[in-house]
Amino acid sequence: ELEAAIEDYNEAIKLDPEDSAAYFNRGNARKELGELEAAIEDYNEAIKLDPEDSAAYFNRGSIKRELGELEAAIEDLNEAIKLDPEHSRAYVNRGSLKQELGELEAAIEDYNEAINLSTEHFAAYFNRGSHPF
């Protein structure tokens, strides 16, 4: 019930407009509904209120990728990794973006780091193995 969740987050934001989590969670719900631009606005606000929120950068980067904004997505993933250097999924996603941009060696480095952090990342192994050498 994503629309009902959004209504609840709207009310929470009215009551406490400084609560970054409400914006973050509303952004997640909007993303699930395909409201990508609105989700980005919510992540922007969450980041403004809590600049240390690596998850907000990660999620915003994921949406930017969906919108074809690859360089901007990498910037967000860079920030997510800077804030949480053990965020293995951020390395996988950044590696995938770098692979799309033809930066193959840099992509492999990201996949390697993701695997070093967690050996459970199918995508890191798969993407690293599918590199055209």
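The values are calculated or read from the model by the stated rules, or taken from the named source; none is laboratory data. Quick caveat: nothing in here was measured; it's all calculated off a predicted structure. Note that each Cβ is placed from the backbone with ideal geometry, even for glycine, and that neighbours are counted across all protein chains shown.
Does residue 104 count as among the aliphatic types (A, V, I, L, M) and at pLDDT 95 or above? For residue 104, the condition - among the aliphatic types (A, V, I, L, M) and at pLDDT 95 or above - is not met.
Here's the yes/no breakdown for (1) under 22 Å from the mean Cα position of the chain (by Cα); (2) under 18 Å from residue 51 (Cβ atoms):
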site	(1), (2)
1	no, no
4	no, no
11	no, no
14	no, no
18	yes, yes
23	yes, yes
28	yes, no
34	yes, no
41	yes, yes
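Candidates are the residues of region 28-84 that are among the charged types (D, E, K, R) and part of a loop (DSSP other than H, G, I, E, B); the one that is surrounded by the most Cβ atoms within 10 Å (Cβ to Cβ) is 53. Is at least one residue of region 73-89 within 11 Å of the chain's Cα centre (by Cα), within 28 Å of residue 8 (Cα to Cα) and not charged (D, E, K, R)? Checked against the condition, which is being within 11 Å of the chain's Cα centre (by Cα), within 28 Å of residue 8 (Cα to Cα) and not charged (D, E, K, R), region 73-89 yields at least one hit. Considering (1) touching a helix residue (DSSP H, G or I) at 6+ places or on another chain (Cβ under 9 Å); (2) free of Cβ contacts under 8 Å to residues at least 24 places away in the same chain; (3) closer than 25 Å to residue 100 by Cα, the lone condition that residue 9 does not fulfil carries the number (3).
Each residue in region 12-27 was checked for being surrounded by 11 or more Cβ atoms within 10 Å (Cβ to Cβ) and part of a helix (DSSP H, G or I), and 10 of them qualify.
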